[in-house]
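Quick notes on the structure that follows.
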Amino acid sequence: MDYFNCLHSQIYSYMKYKKVPIDLILYRCLEEPLNLFQNMIENGKSRWRYPFDIFDATDFEQIGIRVHHRKDPFYELKSDILGSLDQEEVVFLSVNPFYLPHREENQDGRHWLMVVGYDQANKYLIMDEEYTYYATFEYEEEVLAEAFSNGPQHLIYFSPCEPFYEKLKESYLQFYKQYNREQDVFFDAGVFWEQLEKNADTMTNRYFLAYRLFVGSMQITKKFFQYIKIPGNIVDHLETVAKLAENISSVIKKFELTGRLNYSFVEEKMRAARDQFYNIIEYVHSETLVEHLTSLSLSEVAKQTDIMADSSNEYMDVGQGGTFNQHQIDISSYYNNQAFGYSNSSADLTGGGEFFLLDGRSSLQGVVVHKDIEFSFCKHPGHGNDNVTCQGQVIPIDCRVYNGIWLLGCAEWGNAKGYIGIQFEDGDVEHIPAQLTDWAWRPRFGEAIVMTLPVFRKVKMAFVPDEGHIFAVHYPITREKRACKLLLPNCPNFHIFSIVMTSFAA
């Protein structure tokens, strides 16, 4: 999610691996939009310099983990590093990534990574983030020490202690009690427009980053509220606000890159997000929340398996042994964008006059096969709309129990994120996090490239790839109930060319 910085992300992943109930301390992730406005929009703090305090040392102690934070030269900390590794604990080091070959940085910077092992030859095994997964690298001690010495020289490691869950509940109550009730300025389209008139280039980027961070705040707070079993529809409000903020950030990003802004859309979505967010504010100050937290047994919650584990993006081996049925979903009536065209056509995938160029190709095959999945797409590419730019369309599907959904698609003007909804006959909806990589980049979210074509651009740009990709990606459906509708993301740079759903064969 676009919320955790590199240190938060690594600590969270490690604690989940160690089966520490870290979800119990995510309550601080409910950002105040006013703080985002003042820090990121007015003062221009980047996502990485925003003053996070979400993983407080006191909170960690209340769930049974003591935080050790040291700031000294590398060789003075070496005994702490090795001692922690000998206890099978990870050590988190702040480094200057310029000095680590695997980072391929061209300037000084700041980064955190995990040291997970060492050997007698003074080689250290580290783990670092690679898009949506962690990769391992081995470095000589001298290399790691140089990267550390040229950075902030901070070290963090953890040790167990006795939890104090009742104290943690008091922290919850105090946090929500102090939550500011007035948050209007972040959602004020008039203020947004005034900021653009002052300096459009700077302010669009600031608003985009602030709203991306706000999306992550809403998504993680939703996860926390579900984890502690908050009753009522507050989770729905969080989900709605996250989607609206996602819409706003996408439109702002497109304006930043193309100079075209749908102001009425931004105004409408900001107003709706504000109204929904005030439902959340009302709830966190309510007696209903106080009563729920007072009666809650956090020790019992901590014992449960985290039911909100993220859906895996790994591919499923379908079509082997005849175990799965495929169901092509007809989306042709929802086509609203043309991605394929010839040099004299009006095709425009991105809004900037860019598209997949068909010159020199008599035709494209109407079916693409990947992992035994047969994707059917537009019958006559290059002659009219051929894909769906996602705007929350609702597509009826045959009622049955499905176990997976495959998409043929791509993003433009950056990666696209959203939720695909599977609505069941009983009205329940399963929201599946979905991500697609920008068409000009290699896949970053578990997709596979299934088609590569030249890109036509009205205006040639330096350092921009001259080929674009279409990707295949799979998402599992976890609820074994009869589904009747497919809800597409509300994210206009998320493009879908074909959809295939799978079900278990009888």
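The values are calculated or read from the model by the stated rules, or taken from the named source; none is laboratory data. Quick caveat: nothing in here was measured; it's all calculated off a predicted structure. Positions of Cβ are generated from backbone atoms using ideal geometry, with glycine treated the same way; all protein chains shown enter the neighbour counts. Protein only, heavy atoms only, side chains kept; ligands, DNA and RNA dropped before computing areas. Shrake-Rupley method; radii C 1.70, N 1.55, O 1.52, S 1.80 Å.
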message = Can you find, within the stretch 23-53, the residue that is farthest from the chain's Cα centre (by Cα) among those that are loosely packed, with under 14 Cβ neighbours inside 10 Å and not charged (D, E, K, R)?
response = N43
ask   = Could you list, in sequence order, the residues of the stretch 13-26 that are touching a residue at least 40 places away in the same chain (Cβ under 8 Å) and either in contact with a Leu (Cβ under 9 Å, 6 or more places away or on another chain) or in a loop (DSSP other than H, G, I, E, B) (or both)?
value = V20, P21, L24, I25
task = Go through (1) under 23 Å from V215 (Cα atoms); (2) open to solvent by 30 Å² or more (accessible area, probe 1.4 Å); (3) in contact (Cβ under 8 Å) with a residue 40 or more places away in the chain one by one and return the number of the condition D426 breaks.
result = (1)
inquiry  = Going residue by residue through the stretch 135-157, is there one that turns out to be aromatic (F, W, Y), within 21 Å of F4 (Cα to Cα), touching a residue at least 60 places away in the same chain (Cβ under 8 Å) and open to solvent by 80 Å² or more (accessible area, probe 1.4 Å)?
reply    = no
key: Cβ pairs under 8 Å, 6+ apart, first in the stretch 367-378 and of a type in the set (D, E), second part of a loop (DSSP other than H, G, I, E, B)   = D372/V318; D372/G319; D372/Q320
query = Since F355 meets every condition but one in (1) surrounded by fewer than 20 Cβ atoms within 10 Å (Cβ to Cβ); (2) in contact with an Asp or Glu (Cβ under 7 Å, 6 or more places away or on another chain); (3) assigned to a strand (DSSP E or B), which condition does it not meet?
reply = (1)
task = Determine the pairs where a residue that is over 15 Å from S217 (Cβ atoms), located within the stretch 31-57, has a partner that is in a loop (DSSP other than H, G, I, E, B) and of a type outside the set (F, W, Y) with Cβ atoms under 6 Å apart, the partner being 6 or more residues away or on another chain.
result = W48/N5
inquiry  = Any residue in the stretch 182-211 that is basic (K, R) sitting within a Cβ distance under 9 Å of a residue that is surrounded by fewer than 17 Cβ atoms within 10 Å (Cβ to Cβ)? List the pairs, counting only those 6 or more apart or interchain.
reply    = R206/E42; R206/G44
task = Could you pull out the residue among K222, K167 that is surrounded by fewer than 21 Cβ atoms within 10 Å (Cβ to Cβ) and at pLDDT 90 or above?
result = K167
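Can you name the strands (runs of 3 or more DSSP E) wholly within the stretch 75-166 that have at least 2 residues being touching a Leu at 6+ places or on another chain (Cβ under 9 Å), aliphatic (A, V, I, L, M) and within 25 Å of Y17 (Cβ to Cβ)? Write out each step before concluding.
Details: elements: 91-95, 111-118, 123-130, 133-140, 154-160.
Where strands (runs of 3 or more DSSP E) fall fully within the stretch 75-166 and carry at least 2 residues being touching a Leu at 6+ places or on another chain (Cβ under 9 Å), aliphatic (A, V, I, L, M) and within 25 Å of Y17 (Cβ to Cβ), they are 91-95, 111-118, 123-130, 154-160.
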ask   = Within the stretch 229-250, is even one residue hydrophobic (A, V, I, L, M, F, W, C) and not in a helix (DSSP H, G or I)?
value = yes
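Going through I395, I373, I432 one at a time, which residue ends up being at pLDDT 95 or above and of a type outside the set (D, E)? Break it down into steps so the answer makes sense when it comes.
Numbers: I373 fails: at pLDDT 95 or above; I432 fails: at pLDDT 95 or above.
That would be I395, the only listed residue that is at pLDDT 95 or above and of a type outside the set (D, E).
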task = Report, by residue number, each residue of the stretch 58-94 that is aliphatic (A, V, I, L, M), under 18 Å from N122 (Cα atoms) and touching a residue at least 40 places away in the same chain (Cβ under 8 Å).
result = L77, I81, V90, V91, L93
Candidate set: the stretch 466-506, residues that are within 13 Å of G404 (Cβ to Cβ) and polar (S, T, N, Q); chosen: the one most open to solvent (accessible area, probe 1.4 Å) = T478
key: Candidates N279, N262, N233, filtered to the one that is under 30 Å from W413 (Cα atoms) and among the polar types (S, T, N, Q)   = N262
